[in-house]
1. Given R₀ = 51 Å, what would the calculated FRET efficiency be for Ser398 paired with Lys201, taking r from the Cβ atoms and rounding to 0.05?
2. Over 31 Å between Cα atoms: which of Lys50/Lys73; Lys268/Lys289; Lys65/Lys269; Lys65/Lys450 fall into that group?
3. Counting only other residues whose beta carbon sits under 10 Å from that of Asp180, what net charge do I get with K and R as +1, D and E as -1?
4. If Arg220, Arg491 are ordered by their accessible area, calculated over protein heavy atoms with a 1.4 Å probe, which sequence runs from highest to lowest?
5. Counting only other residues whose beta carbon sits under 9 Å from that of Ala192, what net charge do I get with K and R as +1, D and E as -1?
6. For Asp494 and Lys50 in the same chain, what is the full-extension length gain: residue separation times 0.36 nm, less their Cα-Cα distance, in nm?
7. Between Arg331 and Asp285, 0.36 nm times their residue separation minus their Cα-Cα distance comes to what?
8. Counting Lys and Arg as +1 and Asp and Glu as -1, what is the net charge of the other residues whose Cβ lies under 11 Å from the Cβ of Gln230?
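The values are calculated or read from the model by the stated rules, or taken from the named source; none is laboratory data. Since the structure is predicted, the reported quantities are computational estimates derived from the model, not experimental observations. Cβ: placed from backbone, ideal geometry, glycine included. Neighbour counts: every protein chain shown. Just so you know, the surface numbers come from the protein's heavy atoms only, side chains and all, with ligands and any DNA or RNA stripped out. Shrake-Rupley method; radii C 1.70, N 1.55, O 1.52, S 1.80 Å.
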Amino acid sequence: MSRTDESTRVTTSDQARRPRRRRGPLRITLVVALTVLLLGTAGLGWIYLKLNGNIDTFGADGLSKDRPAGSTKGENVLVIGSDTRTDGNSALGGGDKGDIGRSDTAFLLHVYADHRHAVAVSIPRDTLVTLPPCKLPDGKWTRTRPNTMFNEAYSVGQTAKGNPACTQNTVEKLTGLRVDHTVVIDFKGFAALTRVVGGVKVCLPQDVYEKDLNPNRATRGGLLFKKGEQKLSGQRALDYVRIRHGIGDGSDIGRIKRQQAFVAGLVKKVKSDGLTPTGLLPLADAATKSLTVDPGLGTAKRLISFAMSLKNIDLHDTKFATIPWRYQGERVAIVQPDADQLWAALKADRTLDGTDAGGKKGGQTTAAATAPSTAAQVSGDGIDVAVYNGTTTRGLASRAATALTEHGFTVTRTANAVDRDRAGTVIEYGAGLRTRAQTVARLFPGAELKSVPGAGLDVVLGRTYTTTGSTSASPTSTPTALPTSVARDARSADDDVCSNLSYG
């Protein structure tokens, strides 16, 4: 019965060929890691003065007075892609020069304490969140704004460069994690980076035309990209990361996946070319000219210091993921409890495969201190569920059944699954049972919810369950890995350029 499962200047002819639009989000991930990594390898004191003159900072007076506590386990860096039209960016994206810009791209980069792993978690621009109070130019603070699109946090501060502090406050409110540093990069900086490295390889599943970049066009327009692998830089690279409607399913989630693949290719290209002083200076110069950072990263020396903690991160251990999400009308809603489990796993310094990357030898971190203890709040009254062991570990289904019974669930059956090589736990549910499945999921952190034909509700246990030892929060159990849904969809920086590019 078990269910198996060229410089940044754009010429006049370039502008004539490129469609202009007011709204063109810049989606780039891991740029900060690339930038500071490059800075860090030079080790030349004479570079400080030149680069210091490039770096802009934003004030810390707009940061919340009620922030999460800092952590000794890893470091969190918020990276924002801004589509501001000021300072030469208008030529690359169109729009009014007075536009304060939007944060149509943002991700939280968690650098693990072992300095050998990193994961960048993207937050879609249309995600509905609560915006905490933000400081206005006149010194007043806005009121809390629930159920608001995430990208509005950047512009609510009403300043020429947006409001990075407000976005940082929002991320801290959302994740419960303290953001150690924030970095903003604009169109011009992105275009310059791709030109200096000589272009980045991308993969197009089909021909792409101007109307795909600007759906408001009346005609298809000229050909922007031919189908297949190719190398892009400058304006063409920018067009690629902004494009949405002409590739895959046309979703914003699909665009995020392609942007993650692009930045992975950028990092790979730089590492393959080698980092020499001759090639380093123009790349670092181009990057820092379009960076706005928090005061903690406001000098080249501080950037270099941070860079030294990144130099040993291998491409395979550089991961790209997206916050657990679902559509809510035309917007994006956050999926719980997966999202909270994700933040808890990062706080505990757990990698995608569940490894403790905290750099500590021996001993175990308590789950009670690192993950939400929701077990005591779960009531399974009136919910029938079958349990299947999807591993070769004996007694697993009985153990889970006991825990479920303790919380009021009625366990209708325990047995071995047909597939005994499951990595993660899956909760399979029939029509109309999603809410009940979500209740069950609260006892199985990281479990994947899966809709299947039929009318039952099953828990198919995976190997991740064997590492937790129990569904209940226990002071002797090991913290859970990142949720299965996150780990399954994640990308490594060394993945093939044509793989996993579009949701749907």
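1. On the way: r = 51 Å, r/R0 = 1.00.
With R0 = 51 Å, the Cβ-Cβ based efficiency is 0.50.
2. On the way: Lys50/Lys73 33 Å; Lys268/Lys289 22 Å; Lys65/Lys269 41 Å; Lys65/Lys450 41 Å.
Pairs exceeding 31 Å: Lys50/Lys73; Lys65/Lys269; Lys65/Lys450.
3. Numbers: positive: Arg178; negative: Glu75, Asp294.
Result for the local shell: -1.
4. On the way: Arg220 145, Arg491 5 Å².
Final ranking, largest accessible area leading: Arg220, Arg491.
5. Values: positive: Lys188, Arg195, Lys289; negative: Asp285.
Charge balance in the 9 Å sphere: +2.
6. Numbers: separation 444, 0.36 × 444 = 159.84 nm, distance 3.26 nm.
That pair, Asp494 and Lys50, stretches by 156.6 nm at full extension.
7. My answer for the length gained is 12.8 nm.
8. Values: positive: Lys201, Lys226, Lys227, Lys231, Arg236; negative: Glu229.
Within the 11 Å Cβ shell, the charges total +4.
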